[in-house]
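Remarks on the structure that follows.
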Amino acid sequence: MTAFSLDPAQTAWCAELRALAEERLRPLAEKGEPGHVNRALVAELGRLGLLARLFTSGALDLCLMRESLAQGCTEAETALALQGLGAHPVHAYGTRAQRERWLPRVADGSAVAAFALSEPGAGSDAAALALRADRDAARAPTSAPAPGAVPADPVPSVVEAQGPPVAERDGWGRWRLNGEKCWISNAPEADFYTVFARTTPGAGARGVTAFLVPADRPGLTGTPLDMLSPHPIGALAFDAVPVTADDVLGEPDRGFRVAMHTLNLFRPSVGAFAVGMAEAALAATLTHTAGREAFGGRLKDLQTVAHQVAEMALRTEAARLMVYAAAAAYDEGAPDVPRRAAMAKLLATETAQYVVDAAVQLHGARALRRGHLLEHLYREVRAPRIYEGASEVQRAVIAKELYASVEAP
């Protein structure tokens, strides 16, 4: 199998996913309340076995799931993706206890996960995080190591992980989280959060630690935000929220790589989500322009319309192939994954915006009516160009990776 084609089994699986999205998931999505977690939809994703596949599939399979679901039900796609984004750090970096407590519940849809990275003053610049993890001096061990140091004789975990080995860190003591997170999908209704906080002031990306924080921790509160996108997004406030070494994901002061490892996996699949929306918009446009009578004939017979549709198809196919190539590179462990992931997300999300906008234009006013497929896609398609790294950030990543291979004169 190459990055540019799918085998018959993959093609059949994608068709099955599209059918499930339309027949079983969309009715549940339509019963949900915009801006709130649709737990019935999440539970159905669990019953269908799709959430469990988040922890057994590679990047390409993740892309195929997101693309196929997006064509039939964007709400189901987003619910699946948010479970994966919030829980992947636990799967890849968590201790045995963390994994055993949370991953089965994520897989069966009974627990909702969230990825809490962005802050009011640190969105695209993730290294500028201000949420503090202050030492709990009254409860810290008397011989706690300095921030950033590795405890002596760590006990290796026997849990297999996709990321670097995980170690128990009994000597690291305790912290109190103080600060805010903002623009967090599934907040404030998630059952647990992967939270990134600053453990070493002034250290930039090197002083961030990832914590698994259950939603019922004292001092943790949340507020929903009324956003254009229909899925739940909120803000979180941390008022001396207690966390310990048992809550750390990965190693203290090395949480930034937990975030980047997760984003490198999910960025191509954000592109797949965008491609799925573009494909849905293109299919609707083909049907509409083939049947719509205007100016004495069918819209498809107007050269300007036909050329517009051809351009939509061309860009969608190019984006799809780049997404598959980036996912295949991730699965193969290629060294240029950050560049490929950034390129895939950038091209696919910008393409989807163009395709959906062109589809609305060709449909006319009917596409703007509340409840129309394109009205829905028009609201959905805008956010992916911002979250998990805005388009401008992706360009910066691409340029940085390109220049890294060029020796300075």
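The values are calculated or read from the model by the stated rules, or taken from the named source; none is laboratory data. Bear in mind the structure is a predicted one, so any value in this text is a computation, not a measurement. So basically every Cβ, Gly included, is an ideal-geometry build from the backbone, and we count neighbours across all protein chains shown.
Please specify each residue of the stretch 67-99 satisfying the condition of being under 23 Å from A352 (Cα atoms) and among the charged types (D, E, K, R).
Correct list: E67, E75, E77.
Determine which single condition F115 fails, assuming it passes every other condition in (1) assigned to a helix (DSSP H, G or I); (2) within 15 Å of the chain's Cα centre (by Cα).
Exception for F115: condition (1).
Can you pull out the residues in the stretch 29-42 that are of a type outside the set (K, R) and either within 20 Å of R379 (Cα to Cα) or crowded, with 16+ Cβ neighbours inside 10 Å (or both)?
Within the stretch 29-42, A29, E30, G32, E33, P34, G35, H36, V37, N38, L41, V42 meet the criteria.
Where residues in the stretch 232-281 are among the aromatic types (F, W, Y) and touching a strand residue (DSSP E or B) at 6+ places or on another chain (Cβ under 6 Å), which of them is surrounded by the most Cβ atoms within 10 Å (Cβ to Cβ)? Please lay out each step first, then the result.
Initially, the stretch 232-281 is screened for residues among the aromatic types (F, W, Y), giving 238, 256, 266, 273.
Narrowing the set further to residues that are touching a strand residue (DSSP E or B) at 6+ places or on another chain (Cβ under 6 Å) leaves 238, 256.
Numbers: F238: 24, F256: 22.
Among them, the one singled out is F238.
Any residue at all in the stretch 64-73 that's on the phi < 0 side of the Ramachandran plot, in contact with a Gly (Cβ under 6 Å, 6 or more places away or on another chain) and not small (G, A, S)?
Yes, the stretch 64-73 contains a residue that is on the phi < 0 side of the Ramachandran plot, in contact with a Gly (Cβ under 6 Å, 6 or more places away or on another chain) and not small (G, A, S).
For the stretch 238-262, give me each residue that is closer than 16 Å to N186 by Cβ and modelled with pLDDT of 95 or more.
Pass one, the stretch 238-262, residues closer than 16 Å to N186 by Cβ: 262.
None - no residue of the stretch 238-262 is closer than 16 Å to N186 by Cβ and modelled with pLDDT of 95 or more, so the list stays empty.
What is the number of the single condition among (1) under 27 Å from I233 (Cβ atoms); (2) modelled with pLDDT under 50; (3) of a type outside the set (D, E) that R169 does not meet?
Unmet condition: (1).
Suppose we filter the stretch 50-89 for residues that are under 26 Å from F196 (Cα atoms), surrounded by 24 or more Cβ atoms within 10 Å (Cβ to Cβ) and of a type in the set (V, I, T); how many remain?
1
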